[in-house]
Amino acid sequence: MKKEFALAFNEVLDDKQLPRDVIVGALEAALVSAYRKTVNASTAQQIEARINETTGEMQIYAEKEVVEEVQDQRTEVTLEDARKENPEAQLDDIVMVESTPEDFGRVAAQAARQMIQQRIREAERLAQKDHFSTLEGEIVNGVVQAANPHMITIGLDRKAEGKMPRSQQIPGERFRVHDRVRALLLEVKDTTRGPEIILTRAHKDFLRRLLEDEVPEIYQGLVEIRSIAREPGYRSKVAVSALQAGIDPVGACVGMRGVRIQAIVRELHDEKIDVIEWNSDPSQFIAKALSPARVTGVYLEEESGGGKTATVVVPEDQLSLAIGRDGQNARLAAKLTAWRIDIKSLPEAAADALAKAQADASFLEQNPEWAEQLPLVETALAKKAEGRPLTPEEFTLLGRFVDRIESGAQSQREAILDAERQKRAAVEATLPETAFDIPLDDLGLAPSLAIKLSGEGYSTIGELMTQLKLDSDVLLAMEGIGPETLKAIQAAIDGFAFPAPAPKAEPVVVEAEPEPEPEVVEAAPVVEEAAPVAELTDEPVQLSQEDEDLLAAMQAERPAPGQSLEEIFAKSSAKLGSKAKPGSGPAQDDKKKKKKKKFRELDYDPDTDTTIPRMRDEWEED
């Protein structure tokens with residue numbers, strides 16, 4: 001029994017890939033259910049099943065009342081039997097005693113088979129859900145198990161199945177049964193029949209993960225993917241930037257002779273991939289995003305409401321290339337840069353610029369240099385309208401003219417936008433600070449009105465108050481808002497009590513204690529050759545004549561109040577200067593200084609911890 005149970009138990013563990021405690025818990029729950037059905041026990045009675053994993057023995061413990069005489073064996077037990085389990089049991093106590101029925105193993109196996117399978121299946125589904133939920137957004141591998149026009153079923157690890165709908169497949173791809181597939185795990189849905197795993201090969205993050213796998217610089221964080229625009233099966237654009245100086249982000253993604261990008265292209269069913277370098281300047285970034293088309297100029301227009309439009313001027317022969325087949329190139333560039341792109345050919349842009357210049361009477365006054373060239377622009381456009389070819393000089397003239405008009409218009413738009421921003425900032429400064437932290441729902445407006453205002457981008461009371469002060473006609477232009485509604489909004493704002501802003505805590509300045517000045521310890525002078533020291537004796541010291549004269553002069557000198565000993569010594573030495581001994585003047589002192597000093601070289605012996613004089617070689621020169 002021991003060997004058979006261990007083999008069966010380990011086989012279930014390997015087959016289901018579940019933790020040991022999960023299988024044991026399922027078996028115990030199944031045994032409890034089988035016992036209740038066998039003896040018809042009440043659901044209020046506590047039942048426990050215990051399995052010995054070593055021997056495979058199964059025991060059932062039931063909650064029973066201790067009585068003198070047993071009337072119902074299902075719920076009662078004698079005091080003698082109760083004390084076998086709990087020696088401290090008393091009458092009327094509730095104890096857990098072993099209640100395993102005879103021949104329970106065979107009965108339990110038949111009654112609990114379905115229960116065990118159900119519990120293991122539930123645990124298996126839960127484990128699958130937990131495992132694959134952590135893999136959302138990652139690439140998984142699988143084998144095609146079934147394929148139909150609407151969906152592909154892919155077998156994954158842990159005996160799970162993933163589904164790839166037709167909308168998540170790359171157009172033109174066809175899979176057969178037993179084909180290996182790489183896909184991105186898009187979502188894990190929890191259903192009554194277990195986790196539903198949705199896979200995709202058409203999502204832009206699939207291309208992102210492929211780039212991370214093929215390009216080590218991206219995986220290591222040296223190159224960053226800024227944005228991706230993709231139309232699966234046809235074309236994709238990827239903007240990358242280097243986070244470390246000296247790295248070519250485009251070259252790193254393409255690889256030597258294009259080996260890296262070609263591996264991704266083959267995985268994506270020959271999908272074309274344009275890798276461009278990201279630029280913080282929107283004009284240059286948009287110009288690169290429209291590659292392979294050559295761009296003449298990019299002119300930006302930002303609206304106060306958040307809209308962004310870029311007017312792109314390209315040579316006439318580059319117009320179809322910039323737009324792409326069915327507008328694909330321009331559409332991908334707009335997705336990549338998050339700008340609305342309006343592409344014009346150079347003659348078309350020049351005609352629009354000429355119309356603007358003629359409509360503006362002050363153009364020639366502000367730009368007198370164009371007075372003579374404006375007729376040339378008109379002539380070049382007339383030739384183009386007649387279908388006659390233009391010279392390179394005329395194309396250059398048209399390009400300069402378009403750049404002058406569009407750049408001036410862009411500067412005016414930026415000035416107007418800056419003025420609007422300053423005006424908005426001035427209005428916001430007059431409003432309570434807490435108004436921008438309070439949700440619009442707290443204003444007490446009608447739910448339909450609050451939903452309408454929230455849909456237009458007004459999420460706080462402060463934003464609504466700012467718009468009322470700037471231009472209330474914007475709110476009146478909204479559908480369903482009239483003068484009466486506007487008055488109700490204003491009344492609600494006037495009656496709203498804004499809380500006082502929390503006082504800002506002043507920074508506590510802690511004065512640092514002055515650091516103690518480091519103690520300067522004068523190093524003792526290194527004495528190369530110590531002079532002999534005279535021994536202390538009772539005999540008088542013999543002074544030279546010069547020393548005796550200096551001592552007598554110091555004794556005769558009467559010190560002034562506060563005069564130091566150094567000053568007395570200097571004054572006495574000055575008086576004796578004329579009585580200096582011959583041969584003791586400055587010249588003799590210089591000779592003494594110039595006298596060559598002798599040095600003794602010492603060696604340190606670490607074994608004996610002593611210093612010994614170095615012996616000079618016989619051939620060493622002095």
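Laboratory data are not the source of any read-out in this text; all were calculated from the coordinates shown. These figures come from a predicted structure and were not determined experimentally. We place every Cβ from the backbone using ideal geometry, glycine too, and count neighbours over all the protein chains shown.
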Which of the peptides 340-352, 154-166 is most tightly packed, and how do the rest follow, going by the mean number of other Cβ atoms within 10 Å of each residue? 340-352, 154-166
Residue by residue through the range 158-165, what is 3J(HN,Hα) from phi via Karplus (6.51 cos²θ - 1.76 cosθ + 1.60, θ = phi - 60°)? Round to whole Hz and write x for glycine and proline. 6, 6, 9, 10, x, 10, 10, x
Interatomic Cα distance distribution for the range 135-200, bins of 5 angstrom, percent: 4, 18, 32, 28, 14, 4, 0
Quick one: of K204/K452; K452/K487; K37/K64; K204/K288; K163/K204, which pairs are farther than 25 Å apart, Cα to Cα? K204/K452
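Add +1 for every Lys or Arg and -1 for every Asp or Glu among the other residues with Cβ under 11 Å from the Cβ of Q59, and state the total. Could the numbers behind the result be given before it?
Numbers: positive: R50; negative: E28, E48, E57, E98.
For residues surrounding Q59, the net value is -3.
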In debye, nearest 20: dipole of the range 436-494 around its Cα centre with unit charges on the Cβ of K, R (+) and D, E (-)? 100
Mean shadow of the range 436-494, computed from the convex hull of its alpha carbons, in nm²? 3.5
Could you give the size of the charge dipole of the range 135-200 about its Cα centre, using +1 on the Cβ of each K and R and -1 on the Cβ of each D and E, expressed in debye and rounded to the nearest 20? 260
Projected onto the charge dipole of the range 135-200 (+1 at Lys/Arg Cβ, -1 at Asp/Glu Cβ, origin at the Cα centre), which of L184, Q169, P195 gives the Cα projection farthest towards the positive end? Q169
Positive dipole terminus of the range 287-430, leading residue within L336, A425, I323 (C-beta point charges): L336
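Rank-order 413-422, 272-281 by packing density, defined as the average count of other C-beta atoms within 10 Å over each peptide's residues, highest first.
Numbers: 413-422: 11.7, 272-281: 16.8.
Ranking, from highest mean packing down: 272-281, 413-422.
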Going by Cα centres, the range 248-280 and the range 71-92 are how many Å apart? 79
Treating the beta-carbon of each Lys and Arg as +1 and of each Asp and Glu as -1, no other charges, what is the dipole magnitude of the range 287-430 about its Cα centre, to the nearest 20 debye? 640
Report the Rg/Rh value for the range 287-430, based on alpha-carbon coordinates and the Kirkwood definition of Rh. 1.04
